[in-house]
Amino acid sequence: MWWGTAIEAPDPSALARFYSELVGWPIGHEEPGTAILAAPGGATYVVFQQATDYRRPVWPPVEGEQRPMMHLDFQVGDLASAVDEALALGAMLADHQPQENVRVLLDPAGHPFCLCRDD
């Protein structure tokens, strides 16, 4: 059974709050160095863990730099509105946008994530 995923961050609580507001999931547990988002129903979790030597990933990947090791995809009905909401929460729009129906954004810790139009 898949439980969830863990994401390293320089400030796990701040990043958990960002994603909590972005997807509407509550923070189910928080302690120094760790914060956990819980999907409604408690079936899936996202753990944010302290990384003291954290290096922001670079998107698109650049040789010799920390490349993204994974990213999260979110399906949205209105791409423009979803991008605006994410930007208001502290995300940044990535310079490189490889697809018309997808927007790549960077969360406050620099992890790329995608908003995908559901059509």
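Output yes when any residue across region 16-32 is of a type in the set (Lys, Arg), at pLDDT 95 or above and either in the same structural domain as GLY110 (by TED's automatic domain parsing) or under 22 Å from ASP118 (Cα atoms) (or both), and no when none is.
Restricting attention to region 16-32, the residues satisfying the condition of being of a type in the set (Lys, Arg) are 17.
Next cut, at pLDDT 95 or above only: 17.
Filter once more, so that each one left must be either in the same structural domain as GLY110 (by TED's automatic domain parsing) or under 22 Å from ASP118 (Cα atoms) (or both): none.
Among the residues of region 16-32, not one is of a type in the set (Lys, Arg), at pLDDT 95 or above and either in the same structural domain as GLY110 (by TED's automatic domain parsing) or under 22 Å from ASP118 (Cα atoms) (or both), which makes the answer no.
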Given (1) at pLDDT 95 or above; (2) closer than 20 Å to GLU8 by Cα, index of the condition ASP84 fails: (2)
Scope region 86-106; condition of a type in the set (Asp, Glu) and closer than 14 Å to CYS116 by Cα; matching residues: GLU100
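Does region 4-15 include one or more residues that are acidic (Asp, Glu), assigned to a strand (DSSP E or B), at pLDDT 95 or above and within 21 Å of LEU105 (Cα to Cα)? Break it down into steps so the answer makes sense when it comes.
So the first thing to find is which residues in region 4-15 are acidic (Asp, Glu), and the list is 8, 11.
Now restrict to residues that are assigned to a strand (DSSP E or B): 8.
Within this subset, residues satisfying the condition of being at pLDDT 95 or above are 8.
So of that shortlist, the ones also within 21 Å of LEU105 (Cα to Cα) come out as 8.
Yes: region 4-15 contains one or more residues that are acidic (Asp, Glu), assigned to a strand (DSSP E or B), at pLDDT 95 or above and within 21 Å of LEU105 (Cα to Cα).
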Looking at region 105-117, which of the residues that are surrounded by fewer than 21 Cβ atoms within 10 Å (Cβ to Cβ) and farther than 23 Å from ASP53 by Cα is nearest to the chain's Cα centre (by Cα)? CYS114
Out of (1) more than 19 Å from ILE7 (Cα to Cα); (2) among the aliphatic types (A, V, I, L, M); (3) surrounded by 11 or more Cβ atoms within 10 Å (Cβ to Cβ), the one VAL62 does not meet is (3)
Could you check, for region 34-49, whether at least one of its residues is in a loop (DSSP other than H, G, I, E, B), within 29 Å of GLN99 (Cβ to Cβ) and under 13 Å from the mean Cα position of the chain (by Cα)? no
If you take the residues in region 71-89 that are assigned to a helix (DSSP H, G or I) and hydrophobic (A, V, I, L, M, F, W, C), which one is surrounded by the most Cβ atoms within 10 Å (Cβ to Cβ)? ALA86
What are the residues in region 90-119 that are closer than 19 Å to GLU8 by Cβ, part of a strand (DSSP E or B) and in contact with a helix residue (DSSP H, G or I) (Cβ under 6 Å, 6 or more places away or on another chain), if any? LEU105
Can you tell me how many residues within region 81-101 are touching a residue at least 24 places away in the same chain (Cβ under 8 Å) and touching a strand residue (DSSP E or B) at 6+ places or on another chain (Cβ under 6 Å)? 5
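The values are calculated or read from the model by the stated rules, or taken from the named source; none is laboratory data. Small disclaimer: the values here were computed from a predicted structure and weren't measured. For neighbour counting, all protein chains shown are included, and Cβ atoms are generated from backbone atoms with ideal geometry for every residue, glycine included.
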